[in-house]
1. Packing-wise, with mean Cβ within 10 Å as the measure, how do 22-31, 156-165, 81-90 rank, highest first?
2. Can you give the FRET efficiency to the nearest 0.05 for residue 204 and residue 79, using r as the Cβ-Cβ distance and R₀ = 35 Å?
3. For residue 217, list long-range residues whose amide hydrogen, built 1.01 Å from N in the peptide plane, is under 5 Å from its own amide hydrogen.
4. Could you give each residue of region 35-50 its phi-based ³J(HN,Hα) in whole Hz, using Karplus coefficients 6.51, -1.76, 1.60 with θ = phi - 60°, and x for Gly or Pro?
5. Straight distance only, please: which aspartates and glutamates reach the Cα of residue 132 with their own Cα at less than 12 Å, same-chain residues fewer than 8 apart left out?
6. Work from the charge dipole of region 59-206 (Cβ charges, +1 for Lys and Arg, -1 for Asp and Glu, about the Cα centre) and give the residue of 105, 194, 152 farthest towards its positive end.
7. Where a ≥ b ≥ c are the square roots of the eigenvalues of the C-alpha gyration tensor, would you call region 152-193 rounded, which needs a/c under 1.5, or, failing that, prolate if a/b is larger than b/c, or oblate?
8. In terms of modelled amide H atoms, which long-range or inter-chain residues lie less than 5 Å from the amide H of residue 183?
Amino acid sequence: MKVPQPDYTSHPMLNPSYLLEDTVSASGMKRMFVSMRRSPTLHNRSLNRLLNPLESPMDLKSNLEAARRYFIDVSAYLHEVLQLVGAGARKSLASDPEVMTSNDVLGLLELAFRGDTKRIRFEAQRKLYLAKLFFDIDHDPGIQKGEEHKSYFERTLDRELWAHAARMKPVDVYYDIDADGVHMKINTKKTAPHQERWRFYLMRLRRTARRRKPIHIYHYACRFKREVAPLTYVKGAQGFEAQEQHIWKNLQERRSGSILSKMIRKGVVHPRKIQDIIGAMFIVKDRREVLALQEVLFEIFGGPLKWKDRVNTITRPEDRKHLHAQSASGYEVLKSDVDVLHNSTEDGGEPYIFSVEVQIYTVEGYLRTVHSGHFASHQNLKLRQFLEGLLPPLFPVSVYGEETIAACMDDLSRVAREPQPQNV
């Protein structure tokens, strides 16, 4: 498999040749490095400029500890990313011990400029840059208010949507891939030995004068991208239910690994440009109910003028071009960002807008994403994202060798490759 060439335009410090090609930045970093080595006072002055507002300096011990926590999280992040590859490749791509144990800016600058090998110099540079991105995520206002925004969105739904819903009840659905390799065979009773089972908790939106039929909501979840994922799926088990699972558990202070990964894959520099910091997912019975629920949400949140970037691959397969490149061709969703107007919690503050990415699936479309063998499954999506968006910039061929990276990609691509539909 050919290894794609990364585009370093947005994240130049992931370029192994950064310090050679960007001579202006290299000179600035070298001056900082030399200054920090001269005395503890100058060392702390540089750390304060990196870590604190100018009017709120901290002492050297506090700054060293603050930086150390970011670097430890970078090591944990890279460790978790490498869990996607096999044990052999994982060992080949693991960080050099000298870089792994260096958790201060001065030590990593020294390795970036004076490390014994190209790999050590790159990994020190990468560690500095990923820590900087984690720092940026921590200090973005939208991230800092993420839990507040999520709570406001959910309170709105409690008042305007769930107040009109019947009581929740468990429903088991048995499913398997149909003969065409794309669609799903779904039953409420087990009809074949290899079927997988998913337990939903069904809620029913009651009929209204405007809506003559109820809407069956098999699952709803709202998540703050920094903290939880809507589900974790373990291949090979026979029964599943959707539960929120904490993610990036090995990151000590901050669980921003998903945001960081997306920034790298999409070439995004500012965390605020990640649209799905808050995400809501609904699963309904069929296509009719997808559109019916969309109408209900329109009414709650101000109509179509408040919704943007609408993609509907359920009824408009051509909309797939608006999804990211790693999405499978069988992935069906109605997805849109809704602008939610929120009163500022600051005295005298003006109301402001935050966005929530809303996804609506049919039961069949959702089960495609969680079936262990379906090409639209979330596991295969994660592998494709890693192969095409994270592996090349985080583990460049010029540092780790073409043979190592190509073998890793070939191995993963066999798992993530889409099967060819037979009767479509």
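1. Numbers: 22-31: 12.5, 156-165: 14.1, 81-90: 16.1.
Ranking the peptides 22-31, 156-165, 81-90 by packing returns 81-90, 156-165, 22-31.
2. 0.20
3. It is 203, 204, 205, by chain and number.
4. The phi angles translate into 5, 5, 6, 6, 6, x, 5, 5, 4, 5, 4, 5, 5, 4, 5, 7 Hz.
5. Candidates past the 8-residue exclusion: 73.
6. Farthest along the dipole direction, towards plus: 194.
7. prolate
8. Amide H neighbours of residue 183, under 5 Å, 5+ apart: 178.
Readers should treat all values here as calculations from the given coordinates under stated rules, not as data from a laboratory. In this text, all values refer to a predicted model and were calculated from it rather than measured experimentally. Neighbour counts run over all protein chains shown; Cβ positions are idealised from the backbone, glycine included.
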